[in-house]
Amino acid sequence: MKTQVAIIGAGPSGLLLGQLLSRSGIANIVIEQRSADYVLGRIRAGVLEQTTVDLLQQAGVAGRMQQEGLPHDGVELCFGGQRHRLDLLGLTGKRVMVYGQTEVTRDLMDARSVSGEPTVYDADEVVVEGFDSPQPSVSYLQDGVRHRVEADFIAGCDGFHGVCRATVPPSAITLYEKIYPFGWLGVLADVPPVSHELIYVHHERGFALCSQRSKVRSRYYVQCSLDDQAEQWSDDAFWAELKNRLPPQTAAQLITGPSIEKSIAPLRSFVAEPLRFGRLFLVGDAGHIVPPTGAKGLNLAASDVAYLWQGLRSHYAGSDTEINHYSGRALARIWKTERFSWWMTSLMHNFPDSGHFGQKMQRAELDYLFSSAAAMTAMAENYVGLPLV
Ligand code: RFL
Ligand code: PHB
């Protein structure tokens, strides 16, 4: 088979790129190693920046999000037992949209089946070849038969553990990484959120986050040890720990219920440079990871997709200027967002070896933040998302 763009991975990066290319008349295939149900079963991000919302609109998949998504004008930080509100709309003129990654993925899958472009699920042993030549190809095993796709370009949208980045010769790529000494234990439950906006909590027992998926579905997190196993945490133990980290009045308002998902995510900052190798591009988590404090992972994936879509459209219209700038443009935004995610993670968590001095510095920074319009504006403009330039 021959196509214009072979997309590896049916996460949000791959499906969004495929949808935008299809609408621009550029033929593509999506090749995914898992089943569609497995992809939809992963509970991940929940907060969309305005630029991501705009891109979903351009992709023609914003209808349900506009109906069911929850626009948020502010976000809270809690420390010293007090809640402090950051007025995102007042400080920046922008809001964020609470709409889960699962729903974004479902909308994109539905649109793809309407567009009729091919998608291969359950593809085993995916191999990408020849991206340094004019004719790259992808092959995969399905039902014991190896299939081969020739393409003009390969988009590596296959996440942190994917095959695309791993295929690049080590001498051609530089990796930057920071691993944090804790994880996030997350619980999804069909209970109304404790507050109508998100609350990020800095507490001596560790960080906590009160988030949500809808007016009847909540997502909560507590900082946990990397040695913890999700199965060892009973629902009761989770709710008790969360309540411990909230101010008493907020804890009293918390409605608990049985978890419908419980998992532990490690926290990592990671960037690969560059993001282009001949006719192979790395997009989203394949090229970078941020710790989830600040909710930037999915949004960065979307901005990579926007840059690559613009580059590919221009290429097929006769100009390679934009595609030649893909890696540089994407990385400029990625590094600024890495900085914000690292900063917010450093500010809000308990670090085992920070000592009393480190704790005082965190507290002084939080106090300063809410005493300074300039500092609040700087945080708000990063939280709502930096512009696509
Ligand atoms: P994804 O979503 O990982 O999708 C990659 C897809 O590629 C497939 N794949 C392959 N396909 C074919 N051949 C191979 N060899 C393949 N190897 C892998 C995978 O099965 C998968 O379907 O990457 P993408 O599309 O770049 O999207 C990125 C976002 O998913 C990610 O940035 C965020 O979800 C990060 N993230 C979070 N971000 C937030 O903003 N807020 C959060 O609360 C949040 N929670 C999370 C997260 C990421 C997590 N991971 C990766 C462990 C929680 C978790 C647990
Ligand atoms: C979520 O709802 O899963 C979520 C929200 C905000 C974050 C991270 C995760 O910063």
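What pairs can you find where one residue is in the stretch 179-199 and over 20 Å from PRO247 (Cα atoms), the other is acidic (Asp, Glu) and in a strand (DSSP E or B), and their Cβ atoms are less than 7 Å apart, with a gap of 6+ or different chains?
Listed pairs, sorted by first residue: LEU188/GLU261.
Given the structure, is GLY41 surrounded by fewer than 24 Cβ atoms within 10 Å (Cβ to Cβ) and within 16 Å of ligand 2 (Cβ to nearest atom)?
Judged against the criteria, GLY41 is a match.
Got a sec? Which strands (runs of 3 or more DSSP E) wholly within the stretch 146-239 have at least 1 residues that are out of contact with any helix residue (DSSP H, G or I) (no Cβ under 6 Å at 6 or more places or on another chain), more than 16 Å from ligand 2 (Cβ to nearest atom) and open to solvent by 10 Å² or more (accessible area, probe 1.4 Å)?
Correct list: 174-189.
Being closer than 14 Å to CYS210 by Cα and in contact (Cβ under 8 Å) with a residue 40 or more places away in the chain is the filter here; which residues of the stretch 245-281 pass it?
ARG245, LEU246, PRO247, THR250, GLN253, LEU254, ILE255, THR256
Going through the stretch 79-103 one residue at a time, which ones are touching a His at 6+ places or on another chain (Cβ under 8 Å) and within 14 Å of ligand 2 (Cβ to nearest atom)?
Passing the criteria: LEU88, VAL96, MET97, VAL98.
Out of the stretch 290-332, which residues are of a type in the set (Lys, Arg) and either without any contact (Cβ under 8 Å) to a residue 12 or more places away in the chain or open to solvent by 10 Å² or more (accessible area, probe 1.4 Å) (or both)?
Once the filter is applied, which keeps residues that are of a type in the set (Lys, Arg) and either without any contact (Cβ under 8 Å) to a residue 12 or more places away in the chain or open to solvent by 10 Å² or more (accessible area, probe 1.4 Å) (or both), the stretch 290-332 yields ARG313, ARG329.
Can you pull out every residue in the stretch 347-375 that is open to solvent by less than 40 Å² (accessible area, probe 1.4 Å) and part of a helix (DSSP H, G or I)?
Once the filter is applied, which keeps residues that are open to solvent by less than 40 Å² (accessible area, probe 1.4 Å) and part of a helix (DSSP H, G or I), the stretch 347-375 yields LEU347, MET348, GLY355, GLY358, GLN362, LEU366, LEU369, ALA375.
Checking TRP343 against (1) assigned to a helix (DSSP H, G or I); (2) within 16 Å of ligand 2 (Cβ to nearest atom); (3) surrounded by 18 or more Cβ atoms within 10 Å (Cβ to Cβ); (4) hydrophobic (A, V, I, L, M, F, W, C): exactly one of these is not met. Which one?
(3) is the only condition that TRP343 fails.
The values are calculated or read from the model by the stated rules, or taken from the named source; none is laboratory data. Here the structure is a predicted model, which means the values were calculated and not measured. Cβ sites come from the backbone with ideal geometry, for glycine too, and all protein chains shown count toward neighbours. The accessibility values were calculated without ligands, DNA or RNA, using every heavy atom of the protein model including side chains. Shrake-Rupley method; radii C 1.70, N 1.55, O 1.52, S 1.80 Å.
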